[in-house]
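Student: Okay, handing you the structure first.
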Amino acid sequence: MAKARKKQHQKKAIQIAHSTDLVTEPASEPKSTLYVLGSATMAAAILGLTIFLLVRGFQWQAALEALHAEPGIELLSVERAGFFKKRLRGLRDPLAPSVESILIQHNIGPWSAEILFSEYHSLDTPYARQREEQEKARYQGLRDSLLTAVGQFTDTIAKQREDELVKITRMLFAVSFPEAMKTVSLDRDDNGVWHVTGELYAPERQAFIKEAPSRIVEGELNFDGLIDLTASRTALLRKQIEEPDLLALDLDEKPVHPERLVRLVQDYDAVCERSGLTKPHLQLSLRSADPLKEQPQLAAIRAALTAPNRLPAQRFLTDEILTLPSGPPKLSLKLRSEVSAP
């Protein structure tokens, strides 16, 4: 009996245990899911961090190789400055690319590296040759600037000297030839030749040409522009005196030219006096097919020319009478240097 009761109690205990397991199993399932999710997340994070560190290691390795390969950069040391940061020390040529640019090319930003590089000038590198070319260009530029400055200074000094020379020479000529310089100008060209321009009567012109070279401080004189006023004025006045036809009448049937010719002859005489020339004789020249017909008018013209305060009669030579086969008559006044035969 006792054994039978003991078995029954054991069966009941087993049943109670089974029932307890059936009740508690649903409550333990959520704990198991969170554990799995947490474990998976942690494993993914660890895997991601591992991959990141591996990729970052490759990036740093490539970046450091690029820095070592760059001829203008000397990488001296690489130190860890944090979990994700490195400290780089070295030397960099100013013409070489920056360390930051090389790191950025390998996806390493400035926050991931502390860069402590000093400046130096590399030797036997492309940058050294480039620097040499720059120095040569700078030296050439300085040399050209210096030469330009010296040239400008020399030009300025030469220009000042030229201006002073022109002033001094003109003052010297003004003192030496006070009358002549009223109608004469003196200019110096780039070749150092002094060009004399203006007009002078023959005696003054000859004296000026003779004495002027002794007044020149430096250079040569050119007198091509100095007009002989005696020759030019006498030629012009002679033409104006001898060309008009004295038989021409105005609307009032009076001679047109006598008064004008008197003034022209007086101007011609003034040129002769100024030039030291003898005043020419005057002669009425008649060309006509019938000279006798023109005699009254010839006499009237002579009287008009020799009236008081006009031209003296003693300057007139015997009239020149030329008979023409045909054509209109013409009476003109001629200037004669020598007395012609009557």
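The values are calculated or read from the model by the stated rules, or taken from the named source; none is laboratory data. Treat the numbers as computed from the prediction; the structure is a model and nothing was measured. Using ideal geometry, Cβ is built from the backbone for each residue, glycine included, and neighbour counts are taken over all protein chains shown.
Student: Looking only at the stretch 314-333, decide whether some residue is assigned to a strand (DSSP E or B), crowded, with 17+ Cβ neighbours inside 10 Å and basic (Lys, Arg). Walk me through it before giving the result.
Tutor: Taking the stretch 314-333 first, the residues assigned to a strand (DSSP E or B) are 316, 320-323, 330-333.
From what's left, crowded, with 17+ Cβ neighbours inside 10 Å: 316, 330-333.
Checking the rest, the ones that are also basic (Lys, Arg) come to 330.
Yes, the conditions are met somewhere in the stretch 314-333.
Student: From the list 179, 135, 114, 164, pick out the single residue that is in the same structural domain as residue 84 (by TED's automatic domain parsing) and surrounded by 10 or more Cβ atoms within 10 Å (Cβ to Cβ).
Tutor: Criteria check complete, one pass: 114.
Student: Hey, any hits in the stretch 279-291 for a residue that's in contact (Cβ under 8 Å) with a residue 40 or more places away in the chain, outside any strand (DSSP E or B) and either outside the structural domain of residue 201 (by TED's automatic domain parsing) or polar (S, T, N, Q) (or both)?
Tutor: Yes, that holds for at least one residue.
Student: Next up: Report, by residue number, each residue of the stretch 173-222 that is of a type in the set (Asp, Glu) and more than 37 Å from the chain's Cα centre (by Cα).
Tutor: 179, 199, 204, 211
Student: I'd like the full set of residues that are farther than 30 Å from residue 183 by Cβ and either at pLDDT 95 or above or among the acidic types (Asp, Glu) (or both), limited to the stretch 230-280.
Tutor: If the condition is that a residue be farther than 30 Å from residue 183 by Cβ and either at pLDDT 95 or above or among the acidic types (Asp, Glu) (or both), then 245, 250, 252, 253 are the ones that fit.
Student: Here is a further query. Is there any pair linking a residue in the stretch 66-84 that is farther than 17 Å from residue 127 by Cα and among the aromatic types (Phe, Trp, Tyr) to one that is at pLDDT below 90 and buried (at least 17 other Cβ atoms within 10 Å of the Cβ), with Cβ under 8 Å and at least six apart or on different chains, and which?
Tutor: Close Cβ pairs (under 8 Å, with a partner that is at pLDDT below 90 and buried (at least 17 other Cβ atoms within 10 Å of the Cβ)) amount to 84/112.
Student: Would you check which residues across the stretch 196-214 are of a type outside the set (Val, Ile, Thr), outside any loop (DSSP other than H, G, I, E, B) and crowded, with 16+ Cβ neighbours inside 10 Å and list them?
Tutor: First pass over the stretch 196-214, keeping only residues of a type outside the set (Val, Ile, Thr): 198-208, 210-214.
Imposing the further condition that a residue be outside any loop (DSSP other than H, G, I, E, B) reduces the set to 198-200, 202-208, 210-214.
Those that are of a type outside the set (Val, Ile, Thr), outside any loop (DSSP other than H, G, I, E, B) and crowded, with 16+ Cβ neighbours inside 10 Å: 198, 199, 200, 202, 204, 205, 208, 212.
Student: Condition first: buried (at least 16 other Cβ atoms within 10 Å of the Cβ) and of a type in the set (A, V, I, L, M). Now tell me which residues in the stretch 257-290 satisfy that.
Tutor: Within the stretch 257-290, 261, 262, 264, 265, 271, 277, 282, 284, 286 qualify.
Student: While we're on this one: Identify, from the list 261, 298, the residue that is free of Cβ contacts under 8 Å to residues at least 60 places away in the same chain, in a helix (DSSP H, G or I), touching a Pro at 6+ places or on another chain (Cβ under 9 Å) and not assigned by TED's automatic domain parsing to the domain that holds residue 205.
Tutor: Being free of Cβ contacts under 8 Å to residues at least 60 places away in the same chain, in a helix (DSSP H, G or I), touching a Pro at 6+ places or on another chain (Cβ under 9 Å) and not assigned by TED's automatic domain parsing to the domain that holds residue 205 holds for just one of 261, 298, which is 298.
Student: Got at least one residue in the stretch 168-187 being in contact with a Phe, Trp or Tyr (Cβ under 7 Å, 6 or more places away or on another chain), part of a helix (DSSP H, G or I) and free of Cβ contacts under 8 Å to residues at least 12 places away in the same chain?
Tutor: yes
Student: Pick out the one residue from 128, 96 that is over 24 Å from residue 55 (Cβ atoms), in the same structural domain as residue 59 (by TED's automatic domain parsing) and not in a strand (DSSP E or B).
Tutor: After ruling out the rest, the residue left standing is 96.
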